[in-house]
Amino acid sequence: CIYDTIPRISWKLKEDTMTILGIKCQMAEGYFLGRKYNVWYTPEIPLPFGPGNLGNLPGLIIEAYDERKERIYSIAKLEIPGKKENIMIIEPSCSGTKAIGRNEFNKINNEERIEMMRRSKAASNNPN
């Protein structure tokens, strides 16, 4: 398991509303990694998730785009089995594994990549 933090975005909640796929959405603006994002989220689905690192709003993000519209995220379809009240968020379990941070993961990953490249090069030099 890799433990990492989710960046907190300071969202400014707007009063603008729009319906997307039959879902009433509300607008919010925020900055992430130097980009201003406009997002449409729905309080009807009180899950604080969205695409990539966008999230932490009082509802699921249905659409998001940066100010220049270089990055655009839009939900294509949404199916909710059962009632909205039955939605549960389950924390992932790391039982039986070692929990590491992002930096340690990157270090291990880079070391393994270098070792794979070394083995690949050695195998291509051996004509057996």
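The values are calculated or read from the model by the stated rules, or taken from the named source; none is laboratory data. Bear in mind that the values here come from a model prediction, so they are computed numbers and not experimental data. Every residue, glycine among them, receives a Cβ derived from its backbone with ideal geometry; neighbour counts consider all protein chains shown. Note: areas computed on protein heavy atoms with side chains; ligands, DNA, RNA excluded. Shrake-Rupley method; radii C 1.70, N 1.55, O 1.52, S 1.80 Å.
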| task | Determine the gain in length on full extension of the stretch residue 76-residue 117; use 0.36 nm per residue of separation and subtract their C-alpha separation, reporting nm with one decimal. | result | 10.9 nm
| task | Roll a 1.4 Å probe over the protein heavy atoms and report the accessible area of residue 111 in Å², nearest 10. | result | 100
| task | Please list, in chain and number order, the residues 5+ apart from residue 56 or on another chain whose amide H is under 5 Å from its amide H, with Hs placed from the backbone. | result | 49
| What is the dipole size for segment 31-79, taken about its Cα centre, with +1 at each Lys and Arg Cβ and -1 at each Asp and Glu Cβ, in debye to the nearest 20? | 200
| note | To the nearest 0.05, the calculated FRET efficiency linking residue 67 and residue 103 through their beta-carbon distance, R0 being 22 Å, is 0.10
